[in-house]
1. Inside region C:173-200, can you point out the residues that are part of a helix (DSSP H, G or I) and in contact with a Phe, Trp or Tyr (Cβ under 7 Å, 6 or more places away or on another chain)?
2. Anything in region B:83-108 that is on the phi < 0 side of the Ramachandran plot and away from ligand 2 (no atom under 16 Å from the Cβ)? List them, or say none.
3. Among the residues of region B:176-198, what is the count of those that are hydroxyl-bearing (S, T, Y) and part of a helix (DSSP H, G or I)?
4. Which numbered condition in (1) without any contact (Cβ under 8 Å) to a residue 24 or more places away in the chain; (2) away from chain A (no Cβ under 12 Å); (3) not acidic (D, E) is the only one that B:A390 fails?
5. Out of A:D294, A:D308, which single residue is among the charged types (D, E, K, R), in the same structural domain as A:G247 (by TED's automatic domain parsing) and touching a helix residue (DSSP H, G or I) at 6+ places or on another chain (Cβ under 6 Å)?
6. For region C:116-130, give me the residue count where each residue is under 13 Å from C:F95 (Cα atoms) and more than 15 Å from the chain's Cα centre (by Cα).
7. Limited to region A:182-195, what total is found for residues that are modelled with pLDDT of 95 or more and within 10 Å of chain D (Cβ to nearest Cβ)?
8. When residues of region A:204-235 are filtered for being polar (S, T, N, Q), closer than 26 Å to A:A124 by Cβ and surrounded by fewer than 24 Cβ atoms within 10 Å (Cβ to Cβ), how many remain?
Amino acid sequence: MNQDKNGFFGKWGGAYIPEVLYQTFQELKEEYARCRQDPAFWEEYLSLMSTYSCRPTPLTHAENLSDYFGGAQIYIKREDLNHTGAHKANNVMGQGLLVKRMGKKRVIAETGAGQHGVATATMAAKFGLECTIYMGEEDVMRQRPNVFWMEKLGATVVTVKDGSRTLKDAINEAFRDWVTNVDDTHYVFGTACGPAPFPEMVSWFQSIIGIEAAEQIMRYYGKMPTKVYACVGGGSNAMGIFKRFLGEKDVELIGVEAGGHGADSGAHAIRLSTPDASPGVAQGYKTMFLQDDDGQMKQTHSVAAGLDYVGVSPILTDLWENKQVRFESATDSEVMEALDLTMKKEGIIPALESAHAFAGAYREVGKLSPDEAIIINQSGRGDKDIFTIAHAFEDPSWKEFIIGRGKGYSSK
Amino acid sequence: MNQDKNGFFGKWGGAYIPEVLYQTFQELKEEYARCRQDPAFWEEYLSLMSTYSCRPTPLTHAENLSDYFGGAQIYIKREDLNHTGAHKANNVMGQGLLVKRMGKKRVIAETGAGQHGVATATMAAKFGLECTIYMGEEDVMRQRPNVFWMEKLGATVVTVKDGSRTLKDAINEAFRDWVTNVDDTHYVFGTACGPAPFPEMVSWFQSIIGIEAAEQIMRYYGKMPTKVYACVGGGSNAMGIFKRFLGEKDVELIGVEAGGHGADSGAHAIRLSTPDASPGVAQGYKTMFLQDDDGQMKQTHSVAAGLDYVGVSPILTDLWENKQVRFESATDSEVMEALDLTMKKEGIIPALESAHAFAGAYREVGKLSPDEAIIINQSGRGDKDIFTIAHAFEDPSWKEFIIGRGKGYSSK
Amino acid sequence: MQLEQQLRDRTKEKDILLMTHIVLGYPSFDANREVIRQMVENGVDCIEMQIPFSEPMADGPVIVKANQDSLAKGTKVEDCLAFGTEMADTYDIPFLYMTYYNIIFKYGEEAFLKRAAESGIQGFIIPDLPPEMGKSFLTLAEKYQVSPILIFTPTSTDARMSELAGYGQGFIYCVARRGVTGKKSEFGQDFNDYLSRCREATSLPLAVGFGIQDREDIEALKGKADIAVIGSRTIRLVEEKGPQAVGPFIAGLR
Amino acid sequence: MQLEQQLRDRTKEKDILLMTHIVLGYPSFDANREVIRQMVENGVDCIEMQIPFSEPMADGPVIVKANQDSLAKGTKVEDCLAFGTEMADTYDIPFLYMTYYNIIFKYGEEAFLKRAAESGIQGFIIPDLPPEMGKSFLTLAEKYQVSPILIFTPTSTDARMSELAGYGQGFIYCVARRGVTGKKSEFGQDFNDYLSRCREATSLPLAVGFGIQDREDIEALKGKADIAVIGSRTIRLVEEKGPQAVGPFIAGLR
Ligand SMILES: Cc1ncc(COP(=O)(O)O)c(C=O)c1O
Ligand SMILES: Cc1ncc(COP(=O)(O)O)c(C=O)c1O
């Protein structure tokens, strides 16, 4: 599962970058290679994550849900307990250490759900870096609280009004910034996509999830899980938990994509588990994209902004092609149901993104035997999504509350 | 710092309870005593907290802030990284284990900020208990997102419209429920107040904060801190971090109360660091209350709902009287400034309550010498406070966003 | 002794005594005056006057609201004490103060008891002062010869009842059920068993309160209790029909 | 070879050649037709026709918007290829396709190159296809005799430049500065040093693009570069004044 010298995993990946970035990618690749060889770097990373974030994050035995489904024992890997509320922190802090070594003074990032933007703004504050975050106008509208926090953390948030005004357009705009300010700026890519070495590097930082989870399940349960579930947007949390288990013979890995209004609706973000996607090259890498026959990217849809993306990690595409990871999808409404059940049964609030992994697991867990265990990766917490979740549940007192607040503000 | 047989700490505390609760308090006291004597109970508690919440929570060295003030090294105890986002989880999970032992089927709780309500609803979901949360109407209005989550977690939230419609009224109403449903119901008191054994018991569960912090500061810094700061609402997070350090000769403990619009404004919640409060008995215990000459409780004010309370832990009142803890206060505007600085310098977002501890520390830390260290207890995270914080910062795009959303809802 | 004796004397003439409750200053002291007049004239045997408190933790919605409204209108403890003195001077039945402990604590226990005793107030009901918390209060009550009314509840064990009985004077207030004031109670077999346990635990007269609404309820108590307590019912009556409705209501109860 | 030779022939007659840029289908193919006519008639030496892509990562706002609008109007790759064929048939100057790699990849590299070659298209500019990623593309370009235009940038080291030069044909596109298309560039000492480095790295003609706006800019390039590239400037001109403004503008540049 390592990239070849051109950054490919099988047929997928690569670095389709404007020439102006060539030199900076050389430096990045070299620094990254040095870090991977230097055990002190990983030590520094672990120490940062255990004193600034909350690593190791717990593995929670969901006893009520296990009873409810009557199948395998359900364990939940709690990335929601990271500082800033999602696995995004792992990647961002790792890249932060890299930036420090490279001596750059400024970071930029794209963000969809806003999680990666908040994480990057947080890292920038911690490391004393200038920070600009690109975010599609539509995402700004649905994730305003995150914009507020980014700004309060000292970042400049730029609203991107091109294209579909979502994540992919924010990525394009971040690249435009990067080619302009390449000398002092590092682009903190937020997921296991983009040009090499990002897919591998981001997966490496995220691999801490699976390393911990494997150690924890052995400690608590005494053997390896039968199945491991993760939601798949760009693929970083999935790669993060899958990586450690890839070598394990009897562990099945399942990636759950955003089914949106359904696989047949055209309004989804399923790249690997339907035939709607096809091989393509965009945003600096080759993978399965949701695109039309001309190669123009399509509109995607998911209730979870963080999964609402046209591409997917080239590493996952390779694992999919080699049948090392199975891909499923969950629709918006299945996801809301899974979210509801998880809250009520376990007192845990998954992010809408993460709830896809839960929905995927719930569909199957009842058929497993009680002496098996599964792990669900809870990539983030849902309370950041209040606006989306309360909206999706059509909560009447929430609406009333917002109407009242809105009137309060307009009357002043 | 242990209660006497009537539940007093010096002159303070006791259990001024309606007779109908006598028996239930006997049982509670006995079960609590058994738990304190049983090392297996604490072990079970630790195991729950390390697999369900994120204990031990980190101790973060705030290097940028330390440099900024040029005084002592600042360490932050990260209770914000607990499941549900605050130290409240420690108490609630501990009481949950107790409830399980007592075989009760239902829990009730009061809540001000909503944090304790969310934590209790979470615990109830996890332990399969029925749950009712009492919350003052004013707090429901300012903390609607928390109401939404409590309901989604399966709890019934009752809006209390009596009195000042804030925390103290919610407590009264919870007591009314308890005297009615005493046989199968446990009242999960949310802070180190109320009738004995709550102050001591809640402090015991919270003492995990200080135990960890002491171990961590020795590990990272090599010696004890000179000062430890905590905000003081009811006093549970303060007691939680202070307890371990009480015996330490050279450690000064500082509690920071809510200065609201200022100590002289009449609009604050300062019980110990101004002469506005006087000894009284209410809500089941004796302490310093903000009350008038007749003994009627006064209105309090703080930007932080969780500090907006008329009473204070009898244990803290005793420690105050014996000068073992120093009390200060921070005004709303000092708190907003401290919050801003903490976000920008460290990428950390304290809850408004916690930001009082930061404000108190920032005032003094520059005068300390660089070979000293201080610990600030960050009792919770601020992103739960988006409505209050964005409002307090008068953020224009936030207002615009809310107005837009409100219009969207009213037009449907 | 004084209070107990007065009640025992009255018991000789009646199947059951009636104790009523008012919240001072609600809806106004004038209304209180009129209500008490009608109560006394229609044969009420004892009246508890509640000094309002901002945190009436053991009360139900009707009385909570009455406490709040009274305070909102500016009722002071001083006004209540003056009114109590006036009533005790005017009528020949025993008057009690009912209030939460903080009112007394803040005023000063001794000062409060002395003043109450001098006014001719016969007893005290303090729902949030169990005897363990009330050592000094009980001693002072002894000193000033006012009766501390202790409370039995359905959750009280036999042992607890005898303990409480040891501190009580005047009568014992037997709470009819779990919960707060104002809601209807059931007087079934459980209740009868409970009352027998109460009777066994003390030789003091037994008053039964919480949720007694009408003649039928009172009928059910005859022979089992010495005093029936009407609480929120008359407050609601005054709210709905004014003070003058109280007399006929009381008259119709026995 | 063909493209390089054509350009070299033209260079004999002029101080500096002019290459211009249009986005196909924006504002319409008819407008494209008229603009190209005016360009050719006013002496443009080479035209790059951008096939629009939904993710124009290396372009600035003007061209991004042109790409989007063209696609929104329904422009298909097929339309662009037909139009390209028509232009190459109509005018006697070299035409290039500029597009992002996905358009070619999705169509099929070989099919695309074959068709372009048959249409008489002379070269390709693909800003997101560095030679490492373009092995098969470069081989096929060789096979079909169309020139892959490689790109130098101010961040390119000498080593990188010679590497790129090894793959390039026709001419080298020297990006005048960091950043995306459309913003003004400075042609100071740094720029001159950069251009000397470019010149040393390759014997191919040098085109300079990004931010060239007017006669003055072009004057500054004379003697240093072989070709000046006008990109967003004419797109804005068409937006503001329509296609017929292009001719006079071009005429005034040299
Ligand atoms: C909580 C959470 N989970 C998952 C994702 C999807 O990203 P990835 O597939 O890279 O893990 C996001 C992206 O924003 C996220 O915020
Ligand atoms: C984050 C946080 N900190 C502090 C407090 C104050 O409570 P205490 O003084 O009991 O810690 C609250 C109460 O809601 C809270 O939510």
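1. Looking only at region C:173-200, we keep the residues that are part of a helix (DSSP H, G or I), and these are C:189-200.
Across region C:173-200, the qualifying residue is only C:C198.
2. To start, the set of residues in region B:83-108 that are on the phi < 0 side of the Ramachandran plot comprises B:83, B:86-102, B:104-108.
Listed by number, the residues that qualify are B:G96, B:L97, B:L98, B:V99, B:K100, B:R101, B:M102, B:K104, B:K105, B:R106, B:V107, B:I108.
3. Step one: of region B:176-198, the residues hydroxyl-bearing (S, T, Y) are B:180, B:185, B:187, B:191.
When the remaining residues are screened for being part of a helix (DSSP H, G or I), the result is B:180.
The number of residues fulfilling the criteria is 1.
4. Checking B:A390 against (1) without any contact (Cβ under 8 Å) to a residue 24 or more places away in the chain; (2) away from chain A (no Cβ under 12 Å); (3) not acidic (D, E), the one that fails is (2).
5. Values: A:D308 fails: touching a helix residue (DSSP H, G or I) at 6+ places or on another chain (Cβ under 6 Å).
Criteria check complete, one pass: A:D294.
6. Filtering region C:116-130 down to residues under 13 Å from C:F95 (Cα atoms) leaves C:116-125.
Keeping just the survivors that are more than 15 Å from the chain's Cα centre (by Cα) gives C:116-120.
Total meeting the criteria: 5.
7. 1
8. 1
The values are calculated or read from the model by the stated rules, or taken from the named source; none is laboratory data. Just so it is clear, the model here is predicted, and its values are computed rather than measured. Note that each Cβ is placed from the backbone with ideal geometry, even for glycine, and that neighbours are counted across all protein chains shown.
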